[in-house]
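This report refers to the structure that appears directly beneath it.
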Amino acid sequence: MTQRYAVSEPVRSFHLPVGEGHQIHVEEYGDVHGQPVIVCHGGPGAGLCRESAGYFNPKRYRIILFSQRGCGASTPLELTHNSPSYLVDDISRLIEHLAIGQCILAGGSWGATLALLYTCHFAHKVKGLILWASFLGTDHDLEWLYGPNSAGAQFYPEQYQTFKSEKSDLQDILKHYLFALTGEDELSQHKAAQRWHAWDRQLTLGALAGRYHLEDNESVLQQAKLMCHYFSPEVMSELRPLQSVAEHLTEIPTWFIHGRHDLVCRFAPVQRLAHQAHSQLFVLDGLGHCNANDVYVEAVRRAADLLACKLCH
């Protein structure tokens, strides 16, 4: 059975002030003199995942995990001063604070979005990219996730009827959830968060959805709030630089890993992007979005090993 690398306790853990009253929680693993890799977590709002450190050989990598604004152990858990442009600036502050110059960026789903967006703005700072289940942040990607004609709505029509809550238009669905999640009625907040989370879990885990649950209701609520906030038109507009991301990748060693049957993040646009950028692409046939799978683990770990070898020569 494929295993992640064994990673010990963090070398250090700290909170970094990044402005506007926000502090991000950071953990470092591996070799302090190794290739620095900053891992961007998914969500938005999932918080750092310590298991993701296991993709990287701790004898070759300096592994840096952080929780983005408003989630995980970062503070405060707020939507204000919280958008993709702030997150890009936070990565810059983190790189400056750690005095690492160029670094590798890695991440899955929304984490891949953030890594690519940072690269659009600061390509000269990026030595390499390892991205899995990439979300490219277009209106079509949102339709694929939450729209009435989405892949998920066709595979799971019963669950989608519950999720859409009598709304028929994508923007109406998102507005309905954002209003409920940020309103004054705490019971309505938690009910909306559970419906949002149930749909996300269904698309991610498929037939295994009933086996996995987040027990912390407050974490479920905060992640749902952040996701709806980030998927509003005003915030999504900050992802427009991704439309020309291919031109920034041509000189950067990049590995994309993607499940062909991913119902959360579309495969075809990622395949086109990898082709345009002359990047490496590992296609995982028969797999969806969830990377809690031996084949997925092996693919991401292999990409990290190959990149480490490439940068040593």
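Structural remarks
- All positions within region 132-146 that are surrounded by 24 or more Cβ atoms within 10 Å (Cβ to Cβ) and aliphatic (A, V, I, L, M): 133
- Count of residues meeting criterion [buried (at least 18 other Cβ atoms within 10 Å of the Cβ) and over 21 Å from residue 204 (Cα atoms)] in region 282-313: 4
- Yes/no for residue 188 being at positive phi, open to solvent by 10 Å² or more (accessible area, probe 1.4 Å) and small (Gly, Ala, Ser): no
- Scope region 56-104; condition under 20 Å from the mean Cα position of the chain (by Cα), closer than 23 Å to residue 252 by Cβ and in contact (Cβ under 8 Å) with a residue 60 or more places away in the chain; matching residues: 56, 84, 85, 89, 90, 93, 94, 103, 104
- Of everything listed in (1) hydrophobic (A, V, I, L, M, F, W, C); (2) farther than 30 Å from residue 34 by Cα; (3) part of a helix (DSSP H, G or I); (4) touching a Phe, Trp or Tyr at 6+ places or on another chain (Cβ under 6 Å), the single unmet condition for residue 265 is (3).
- Subset of region 221-278 [under 20 Å from residue 124 (Cα atoms) and either hydrophobic (A, V, I, L, M, F, W, C) or open to solvent by less than 10 Å² (accessible area, probe 1.4 Å) (or both)]: 239, 242, 245, 246, 249, 252, 254, 255, 256, 273, 274, 277
- Being under 30 Å from residue 255 (Cα atoms) and at pLDDT below 95 is a description that applies to residue 150.
- In region 184-215, the residues that are among the acidic types (Asp, Glu) and at pLDDT 80 or above: 184, 185, 186, 200
- Looking only at region 77-89, residues that are open to solvent by 50 Å² or more (accessible area, probe 1.4 Å) and not aromatic (Phe, Trp, Tyr) come to 6 in all.
- Residue pairs meeting the criteria (Cβ under 9 Å; at least 6 apart or on separate chains; first closer than 17 Å to residue 192 by Cα, in region 153-168; second polar (S, T, N, Q)): 159/202; 160/150; 160/154; 160/202; 163/202
- Residues that are small (Gly, Ala, Ser), within 20 Å of the chain's Cα centre (by Cα) and open to solvent by less than 30 Å² (accessible area, probe 1.4 Å) within region 191-207 comprise 193, 206, listed in sequence order.
The values are calculated or read from the model by the stated rules, or taken from the named source; none is laboratory data. For clarity, every value in this text was computed on a predicted model and none was experimentally measured. Glycine gets a Cβ as well: all are built from the backbone with ideal geometry, and neighbour counts include every protein chain shown. With ligands, DNA and RNA removed, areas are computed over all heavy atoms of the protein, side chains included. Shrake-Rupley method; radii C 1.70, N 1.55, O 1.52, S 1.80 Å.
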